[in-house]
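Visitor: This is the structure I have questions about; it appears just below.
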Amino acid sequence: MAPPMSADNFLKRLRAEGLKVVEVGDWRHHNRNHKGPWGPVHGVMIHHTVTKGSKHTVDLCRNGYEGLPGPLCQGVITKDGTVHLVGYGRANHAGLGDDDVLRAVIAEKALPPDNEANTDGNRHFYGFECENLGDGKDPWPAAQLEAIERAAAAVCRHHGWTERSVIGHLEWQPGKVDPRGFTMAAMRQRIRDRLN
């Protein structure tokens, strides 16, 4: 059982991995912890935002929208590869997902199909929202893909996890398609290479 790292350690780990990090407002204390616990944490979840424009994307992920209050993740990765920290603690990003997937992440084994939504993912995953329209056509710049790799690796390195602790939203919750435009298998290979 892994407790989440401290906010200061999170920032330190991201920067040590070579990332450009922007702190947005009082991100350290902006969370949804009043709705339930954050932790134990078991992995990292990658999303796309279905948005265009870095400022709009960061603002939306910090503040949320009607029916889904922010923060919507801990970090927003914009097209230029910058990680914008918008919250720390429980965030509205993962929603309910498959308990079999969670068990596979904990065991760092191959993922089963996600065919249930019975487990609170906001409690157990760090979340990175990545600026992209999610239509399969919007490009993923090399700097952004590298930042996703580095951010996930930074968290894995802290907790002693392998690349198998990194999943996409589409692997967690039935009906989700994000991230769309690259495969999680390819991203996990990149993270594996970085960790080794």
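Visitor: Could you please give the count of residues in segment 8-57 that are in a helix (DSSP H, G or I), among the hydrophobic types (A, V, I, L, M, F, W, C) and in contact with a Gly (Cβ under 8 Å, 6 or more places away or on another chain)?
Guide: Going through segment 8-57 one residue at a time, the tally reaches 2.
Visitor: Further, regarding this structure: Tell me which residues, restricted to segment 56-71, are at positive phi and open to solvent by 40 Å² or more (accessible area, probe 1.4 Å).
Guide: Gly67
Visitor: While we're here: So, of the residues in segment 112-121 that are in contact with a strand residue (DSSP E or B) (Cβ under 7 Å, 6 or more places away or on another chain) and of a type outside the set (Ser, Thr, Tyr), which turns out to be surrounded by the fewest Cβ atoms within 10 Å (Cβ to Cβ)?
Guide: Among those that are in contact with a strand residue (DSSP E or B) (Cβ under 7 Å, 6 or more places away or on another chain) and of a type outside the set (Ser, Thr, Tyr), it is Asn118.
Visitor: Residue by residue through segment 149-179, note down the ones that are within 24 Å of Leu85 (Cβ to Cβ) and either among the acidic types (Asp, Glu) or open to solvent by 70 Å² or more (accessible area, probe 1.4 Å) (or both).
Guide: Passing the criteria: Glu149, Arg157, Glu163, Lys176, Asp178.
Visitor: Now for a different question. For segment 139-148, name all the residues that are crowded, with 23+ Cβ neighbours inside 10 Å and either touching a helix residue (DSSP H, G or I) at 6+ places or on another chain (Cβ under 8 Å) or under 20 Å from Val177 (Cβ atoms) (or both).
Guide: Of the residues in segment 139-148, the ones crowded, with 23+ Cβ neighbours inside 10 Å are 147-148.
Correct list: Ile148 only.
Visitor: Hey, can you tell me all the residues within segment 2-42 that are without any contact (Cβ under 8 Å) to a residue 24 or more places away in the chain and either surrounded by 15 or more Cβ atoms within 10 Å (Cβ to Cβ) or closer than 27 Å to Ile106 by Cβ (or both)?
Guide: Ser6, Asp8, Lys12, His34
Visitor: Would you confirm whether or not segment 122-138 contains a residue that is in a helix (DSSP H, G or I), free of Cβ contacts under 8 Å to residues at least 24 places away in the same chain and either open to solvent by less than 10 Å² (accessible area, probe 1.4 Å) or closer than 24 Å to Leu11 by Cα (or both)?
Guide: No, there is no match, as no residue in segment 122-138 is in a helix (DSSP H, G or I), free of Cβ contacts under 8 Å to residues at least 24 places away in the same chain and either open to solvent by less than 10 Å² (accessible area, probe 1.4 Å) or closer than 24 Å to Leu11 by Cα (or both).
Visitor: Quick check on my filter: what residues within segment 72-111 are small (Gly, Ala, Ser), exposed (fewer than 15 other Cβ atoms within 10 Å of the Cβ) and either part of a loop (DSSP other than H, G, I, E, B) or modelled with pLDDT under 95 (or both)?
Guide: From segment 72-111, those small (Gly, Ala, Ser) are 75, 81, 87, 89, 91, 94-95, 97, 104, 107, 110; that's our starting set.
In the following step, the residues that additionally are exposed (fewer than 15 other Cβ atoms within 10 Å of the Cβ) were identified as 107, 110.
Answer for segment 72-111, where residues must be small (Gly, Ala, Ser), exposed (fewer than 15 other Cβ atoms within 10 Å of the Cβ) and either part of a loop (DSSP other than H, G, I, E, B) or modelled with pLDDT under 95 (or both): just Ala110.
Visitor: Residues in segment 63-79 that are under 17 Å from Lys35 (Cα atoms), under 13 Å from the mean Cα position of the chain (by Cα) and among the aliphatic types (A, V, I, L, M): how many?
Guide: Looking only at that region, the number is 1.
Visitor: While we're here: Within segment 171-179, does at least one residue satisfy the condition of being within 17 Å of Cys61 (Cβ to Cβ), basic (Lys, Arg) and under 16 Å from the mean Cα position of the chain (by Cα)?
Guide: Within segment 171-179, the subset within 17 Å of Cys61 (Cβ to Cβ) is 176, 178-179.
From what's left, basic (Lys, Arg): 176.
Now restrict to residues that are under 16 Å from the mean Cα position of the chain (by Cα): 176.
Within segment 171-179, one or more residues are within 17 Å of Cys61 (Cβ to Cβ), basic (Lys, Arg) and under 16 Å from the mean Cα position of the chain (by Cα).
The values are calculated or read from the model by the stated rules, or taken from the named source; none is laboratory data. None of these values were measured; they are calculated from a predicted model. Neighbour counts are summed over all protein chains in view; Cβ atoms, including those assigned to glycine, are modelled from backbone coordinates with ideal geometry. Please note that ligands, DNA and RNA were not included when accessible areas were found on the heavy atoms of the full protein model with its side chains. Shrake-Rupley method; radii C 1.70, N 1.55, O 1.52, S 1.80 Å.
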